[in-house]
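Read through the structure below, which is laid out as structure tokens, and then see the notes.
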């Protein structure tokens, strides 16, 4: 018997459900071809480029030469900011009569070095204010003590030990006096550091009793008192505690009269020596 394997569409008993056709793009990126055009440089293009470049450099050069020779840019005014009135006048005198030239060519670093050579000037900040001014801010050094050197010569110094100026004996009597029989020829910075440490540890009431700090011996501070001229040998530490220790025994030391020195370097002990004009009293130890 003849059979039809592939029946015509009209004779299929179970028609397929009609589904709309959908377009889907592939998951991968579609590569597109870019059209590249080759630009061919001709001689006139190269010539024009170099001509333009040369013109730019020429204009820059001419502009630079004009600016550095323009009188309008010459420094004509200096403004000094300084809390020390006499110092401000000294800085202004430094610039009087000086031609600083064009502000663009002015070397600020060299000018700062010249100003810091002045003893009391610690730091200098210079700012150019166009077209023709300089703003100069001065940080001063402040006197911290009086240094005695070479017999009777007295010098003001700051915390860093920089000598500011030579002075008379009575001019800065409120500042501590630092002495060294060797004229501070050795270990200058170390001795000053110990002096600041000693003074910083003492309250104002005790500082007022001090006439001088003797730093002759390395690693040792000797304090000379104003009224009695007694020397307190304090060593290198615990300055305030040793000073109070001496004060607590001051009543017990009165019978011995004027003292040449009191040695407080040993903890909780003090050794003292009366002056030669007292009675024949040897060196004593007090616990």
**Item:** Within the stretch 198-215, tally of residues that are exposed (fewer than 14 other Cβ atoms within 10 Å of the Cβ) and farther than 13 Å from residue 145 by Cα
**Value:** 4
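Out of curiosity, is residue 90 within 30 Å of residue 140 (Cα to Cα) and at pLDDT 90 or above?
In short, no.
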**Request:** List every residue pair whose Cβ atoms sit under 9 Å apart, with the two residues 6 or more apart in sequence or on different chains, where the first one lies in the stretch 222-246 and is touching a residue at least 60 places away in the same chain (Cβ under 8 Å) and the second, anywhere, is part of a loop (DSSP other than H, G, I, E, B).
**Result:** none
**Sole residue being within 41 Å of the chain's Cα centre (by Cα) and surrounded by fewer than 19 Cβ atoms within 10 Å (Cβ to Cβ), chosen from 254, 260, 227** = 227
**Asked** Any chance the stretch 78-97 includes a residue that's closer than 16 Å to residue 129 by Cβ, surrounded by 13 or more Cβ atoms within 10 Å (Cβ to Cβ), in contact with a helix residue (DSSP H, G or I) (Cβ under 6 Å, 6 or more places away or on another chain) and touching a residue at least 24 places away in the same chain (Cβ under 8 Å)?
**Response** yes
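Within the stretch 53-69, can you find the residues that are exposed (fewer than 14 other Cβ atoms within 10 Å of the Cβ) and either in contact with a strand residue (DSSP E or B) (Cβ under 9 Å, 6 or more places away or on another chain) or in the same structural domain as residue 124 (by TED's automatic domain parsing) (or both)?
68, 69
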**Message:** Condition (residue is within 30 Å of residue 117 (Cβ to Cβ), modelled with pLDDT under 95 and surrounded by 17 or more Cβ atoms within 10 Å (Cβ to Cβ)) applied to the stretch 181-188: is it met by at least one residue?
**Reply:** yes
**Asked** Could you count how many residues in the stretch 221-265 are out of contact with any strand residue (DSSP E or B) (no Cβ under 6 Å at 6 or more places or on another chain) and either closer than 22 Å to residue 187 by Cβ or not assigned by TED's automatic domain parsing to the domain that holds residue 150 (or both)?
**Response** 5
**Asked** Does any residue of the stretch 133-148 turn out to be over 29 Å from residue 110 (Cβ atoms), over 22 Å from the mean Cα position of the chain (by Cα), free of Cβ contacts under 8 Å to residues at least 12 places away in the same chain and surrounded by 12 or more Cβ atoms within 10 Å (Cβ to Cβ)?
**Response** no
**Prompt:** Name the residues in the stretch 214-238 that are touching a helix residue (DSSP H, G or I) at 6+ places or on another chain (Cβ under 7 Å) and modelled with pLDDT of 95 or more, would you?
**Reply:** 215, 221, 232, 234
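The values are calculated or read from the model by the stated rules, or taken from the named source; none is laboratory data. Keep in mind that what you see is a predicted model, and the values were worked out from it rather than measured. Note: ideal-geometry Cβ built from the backbone for every residue, glycine included; neighbour counts use all protein chains shown.
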